[in-house]
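Below is one structure, written out as structure tokens, with a few remarks after it.
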């Protein structure tokens, strides 16, 4: 355990160089099997997907009964299939995403308007902050038909602190997970803090639900958002969908759609700023295909191959989750002549797979061109590039992420030139990571926009 350190994804990648791509660790009373190669990931996530589809549920997500109603944490079962179907049908289907495209387009235009105001005033833009607000409002309008952050305000969003705190608490190594006997003591205070943070989020959702129910009671609600659809489901069949399911679903939609997408956008901008020639090449493609200064629409992305290469390379080097959400085997399992004992935790180190010398030439260098003539994709079929996981547990928000990230990044690059604050040289840019369940940039990226 002492070898895990502050960056377990790096520590375990280094251990795997000695002990191999399937590595068993005894962390306290918990047997953890770490998968560090694409071939072993394919075995776990595709060939034996059903056997490895259980969930290891960290102590931090057991508060407020969250894990009992969340599609992320419950095992594969009829209830899980029902919740996945509801999400796919009502949120992530092509028809639903197309119907809500105007909302996303509006939020991107508000982001560009804010950056334009900053460029006129010579103000610094915190990329993480504005990307978070944009993504938060994008998903909150889809769910509730309202903004949860003021896109034109310079003030911090309290909700961001809550979401980031949840991500940190769920992601950090917790002694209680390794020694369950310590649960009542909670020596690191993880469960205590998680109870507070999840409670704030659940309180917000309770208020939004009550507000909508009151509107419906008075006959004023004519909204066609996700909340309205889910409340209709609870009225038809309270056993299939209740308010606990709704709050748990909103929790992982809000946290997943904001923190991971924000992290990807911030890393992409950081890597582009560190290599100005990449920015020039991307801007040249945008100017040729879209015309300089125009916002990008979702339909344009397929005509922007270099922009897609940048995003793939960002996801390779900086996967939103360094480890896929932990899995658990519910019986003894054979994996490539090894016996993995019942109740073992399974960690797939996506960060290590994306930097594997066996598959990637010069893996520590940010080179979007490596994807130029490659048909590798992030949709869970190429196991050396699986930032969204694969198999039945693949991230349900993948279709939304593949629409929003290129549009936001492309619009920022096609509307402005960017330089680092305080005349920091690109070579001096800070690239430090901060480990949590997601892999965020340790220090904010602060840049100054100027109109093209």
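Here, each number is a calculation from the coordinates, and none is a lab measurement. In this text the structure is predicted, and so the values were computed from the model without any measurement. Don't worry about glycine lacking a Cβ; one is built from the backbone with ideal geometry, like all the others, and counts go over all protein chains shown.
Using C-alpha pairs under 8 Å with a sequence gap of at least 6, the mean separation divided by the residue count of region 46-110 gives a relative contact order of 19 percent.
FRET efficiency for the residue 150 to residue 184 pair, using the beta carbon distance and R₀ = 56 Å, is estimated at 0.85. Find, to one decimal place in angstroms, the Kirkwood hydrodynamic radius of region 263-327, where the mean of 1/r is taken over every pair of different Cα atoms and then inverted. Over region 263-327, the inverse of the mean reciprocal pair distance is 13.0 Å. Could you give log10 I(q)/I(0) at q = 0.10, 0.15 Å⁻¹ for region 209-321, computed by the Debye formula over C-alpha point scatterers of equal weight, without solvent? The calculated log intensity ratios at q = 0.10, 0.15 Å⁻¹ are -0.54, -0.80. Taking each residue as 0.36 nm, the span from residue 82 to residue 192 lengthens on full extension beyond its C-alpha to C-alpha distance by 36.5 nm. Percent relative contact order of the chain, based on C-alpha pairs within less than 8 angstrom and at least six residues apart? Computed over the chain, the figure is 26 percent. Using the Cβ-Cβ distance between residue 432 and residue 214 with R0 set to 30 Å, the FRET efficiency from 1/(1 + (r/R0)^6) comes to roughly 0.05.
Beta bridges per DSSP, both residues in the chain: antiparallel share near 85 percent.
The gain in end-to-end length when the residue 452 to residue 206 segment is fully stretched comes to 84.1 nm, 0.36 nm per residue minus the alpha carbon separation.
With distances taken between every two different alpha-carbon atoms, region 328-399 has a Kirkwood hydrodynamic radius of 14.5 Å. Working ranking of peptides 307-319, 11-23 by packing, defined as the average number of other Cβ atoms within 10 Å per residue, highest first, is 307-319, 11-23. Coordinate range of the alpha-carbon atoms in region 306-452 per principal axis, descending: 59, 30, 29 Å. With a Förster radius of 56 Å applied to the C-beta separation of residue 50 and residue 123, the computed FRET efficiency comes to 0.60.
Across region 265-404, Cα pairs under 8 Å and at least six residues apart give a relative contact order of 21 percent.
Pairwise alpha-carbon distances in the chain exceed 28 Å for 51% of all pairs. Cα centroid separation, region 76-113 to region 402-439: 25 Å.
Here the alpha carbons of region 6-91 define both size measures, Rg and Dmax, at 16.0, 46 Å. Look at where the Cα atoms of region 188-263 and of region 335-384 average out, and the two centres are 34 Å apart. Residue order for 216, 327, 81, fewest other beta carbons within 10 angstrom first, comes to 81, 216, 327. The fewest-to-most ranking of 64, 102 by surrounding Cβ atoms within 10 Å reads 102, 64. Given the -39500 (n - 2.57) contribution per DSSP H run of 4+ residues, what per-residue ellipticity at 222 nm results for the chain, rounded to the nearest 500 deg cm²/dmol? That comes out to -14500 deg cm²/dmol.
Note on residue 288 and residue 18: the model spin-label points, each 7 Å out from Cα along the C-beta direction, lie 4.9 nm apart. Would you kindly give the portion of the calculated P(r) for region 96-201 that falls above 15 Å, as a percent of all Cα pairs? Every Cα pair in region 96-201 considered, those over 15 Å come to 70 percent.
For region 96-144, the fraction of alpha-carbon pairs lying more than 12 Å apart is 64 percent, rounded to a whole number.
Full extension of the chain between residue 2 and residue 361 yields a length gain of 126.1 nm, computed as 0.36 nm times the residue separation minus the alpha carbon distance.
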